[in-house]
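The values are calculated or read from the model by the stated rules, or taken from the named source; none is laboratory data. The structure displayed is predicted, hence computed values, not measured ones. Cβ placement follows ideal geometry from the backbone for every residue including glycine, while neighbour counts extend to all protein chains displayed. The accessibility values were calculated without ligands, DNA or RNA, using every heavy atom of the protein model including side chains. Shrake-Rupley method; radii C 1.70, N 1.55, O 1.52, S 1.80 Å.
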Amino acid sequence: MTTAPVVETPPAAVAGAPVVHAKKGILSYWRLYAAISPFYLLFLAFGLIPVGFSLYLSFHRWDGLGSMEFAGLSQYRYLLDDSQFWSAIGNTIIIWALATFPMIFLAMVTAVLLNSAVRFKNVYRFAFFLPNVTSIVAVAIIFGSVFSTNFGLVNALLQAVGLDQVAWLNTPWGIKVAIATLMTWQWTGYNAIIFLAGLQTIPGELYEAARMDGAGPVQTFFRVTLPLLRPVLLFVLVISTVTGLQSFSEPQVLLQTTDNNSSFAGGPGHAGQTMVLYFFQQTFDNNDFGYGAAVAWGIFLVVVLFSIINWRLVQRRGEE
């Protein structure tokens, strides 16, 4: 026969004694919140507040010193009719297309070669990543010399094969090709490292199975490698779109000596003026901060639109 265990009852509250409430809720974790608060405070000060202020500013006229004047939607209406803004959008898209698609192709080829390299892998990776960490100002100055009309390396090669010189930095298409070449050189190695990381996640058994089924290198690439790299390709394409549509340093440094009126003009005829260069010209050359804010929000919408289009195109091909 067993006996029931004895349950101890809590002591009854003593009448008149102070009641101690346990700390509950977010206040009990105040030390943890205090530890991570610097990031959120800096993000609030240099992220959210400037973004909100730029939206507020886009509805006003302001030269940076005097009082603001409410302008309503007039800045955005003027932006829609601004032919120079649409020209800047066209320049940006052309330069982005000339730079992005060759860059992705070269990056993927480079990644496949690096993945199959047997010796000096780390040396090759460092060499291909080096352009991305090189100063863009120094690179732009060198490319300015390479594409120089009279003494440039590119024109010297053209003359060596019997072709005429091209005024690369003084003609509309020459300017775009020079900027796109610079961007391709700068970002190919960076994206190749990303593709290489994706290649190394593909199981080797799949390649072995493809070889046993009689697939050649080309069939293996298009039937095994490329489908499994689609998420990485989507990531590279979206990142390249976001960075390419916000190109600023490359055209600004490369073309700043070709126009004496403004360092943000983008060369003769504004042929190399991107959207961000146009934003800087309106904001800091013309001291029109309200319209500059409207231009910035226009750029934001263009970048979001292109990112969604790229994402949908790559996703649709994956579903097919």
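General remarks:
- Some residue of region 191-214 being of a type outside the set (G, A, S), modelled with pLDDT of 90 or more and under 18 Å from W96 (Cα atoms): yes
- Checked against the criterion of being without any contact (Cβ under 8 Å) to a residue 60 or more places away in the chain, in contact with a His (Cβ under 8 Å, 6 or more places away or on another chain) and not acidic (D, E), region 28-42 contains not a single residue that satisfies it.
- Subset of region 181-213 (residues that are without any contact (Cβ under 8 Å) to a residue 60 or more places away in the chain, open to solvent by 80 Å² or more (accessible area, probe 1.4 Å), assigned to a loop (DSSP other than H, G, I, E, B) and not charged (D, E, K, R)): T201
- For region 68-82, the tally of residues that are open to solvent by 20 Å² or more (accessible area, probe 1.4 Å) and not basic (K, R) stands at 9.
- Screening region 54-63 for residues that are over 23 Å from the mean Cα position of the chain (by Cα) and not polar (S, T, N, Q) and picking the one that is farthest from S74 (Cα to Cα) gives D63.
- Qualifying residue in region 44-56 (condition: in contact with a helix residue (DSSP H, G or I) (Cβ under 8 Å, 6 or more places away or on another chain) and either β-branched (V, I, T) or open to solvent by less than 100 Å² (accessible area, probe 1.4 Å) (or both)): yes
- Qualifying positions in region 279-320 - at pLDDT below 90, more than 20 Å from the chain's Cα centre (by Cα) and either within 16 Å of R230 (Cα to Cα) or among the hydroxyl-bearing types (S, T, Y) (or both): R316, R317, G318, E319, E320
- Boolean, L65 is loosely packed, with under 11 Cβ neighbours inside 10 Å and either in a strand (DSSP E or B) or not polar (S, T, N, Q) (or both): yes
- Here region 214-264 is the region considered, the condition is being within 21 Å of F85 (Cβ to Cβ) and free of Cβ contacts under 8 Å to residues at least 24 places away in the same chain, and the residue that is nearest to the chain's Cα centre (by Cα) is F264.
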